[in-house]
1. Round to the nearest 0.05 the FRET efficiency obtained for VAL199 and ASP92 when R0 = 41 Å and r is the Cβ-Cβ distance.
2. Arrange VAL78, VAL132 by Cβ neighbour counts within 10 Å, fewest through most, would you?
3. Excluding residues fewer than 8 places away in the same chain, name every one of the lysines whose C-alpha is closer than 22 Å to that of LYS59.
Amino acid sequence: MLPFLFGLALAGEPIAEMTVEASKDIEIYVAPTSVVNKTEIPYQLDETAVFGHAINDVKWIKGKTQYGYARIDEEVLVYNADTIKFAWPDCDYDTKPRECAYQNGHYILESYITFDKQQVVIRLVLFDENLVAVAHATQTNTRIVNIIKREKVTRQVGGGVPTGVQRQCGPTSCSTRPIRGASSTYAQTIKEDLEPSVVIIEPRLLNKDIKQASMFLWTSLRIN
């Protein structure tokens, strides 16, 4: 092979060069969370919640190599709407985040939070550089209805009818009085069913649910 290449060089033939580039870092853009709430359930959402959990969870799973956790050997760079403009200033991520992710060849993490009367649903979807969904996770916070039975208990205690009479006579007259035995005393317990008490705990948006969804997402992911 070497004599052949040497001969080509002497003959003035160009020698093709092959450049092998090391794999670049994995870049993930965390898009702003989309919230749909058509109920009257109040909520507070930290706009950086999903972004913050993504940073922490990626660092956490990078050290896990056993028990089925993902292993990511490459450096992972996580951006949000405030920082992506410095890494990729050539695209408008505010209006077309998917198109920009595809154009610039990096991952994009989308998050959706939906409210209804029964539950709050948190859904995370991670797309690769080809906009193929490679991981997703869902966490719910469901409405709780507790029905507590109630009853009224009444206890009555009293004397019964006389068991006999006792006659007493004096020098000029006689009198009688009733005799009540021990068995004539009674006790009675009366139970009445009352309207049940209903306790309703409305669904809530909790940071721990966002954290749980993020952990489900990243521990199920494998990047080769």
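1. Calculated transfer efficiency: 0.25.
2. VAL132, VAL78
3. LYS24, LYS208, LYS211
Coordinate-derived values only; no laboratory data. Quick caveat: nothing in here was measured; it's all calculated off a predicted structure. Virtual Cβ from ideal backbone geometry, glycine too; neighbours counted across all protein chains shown.
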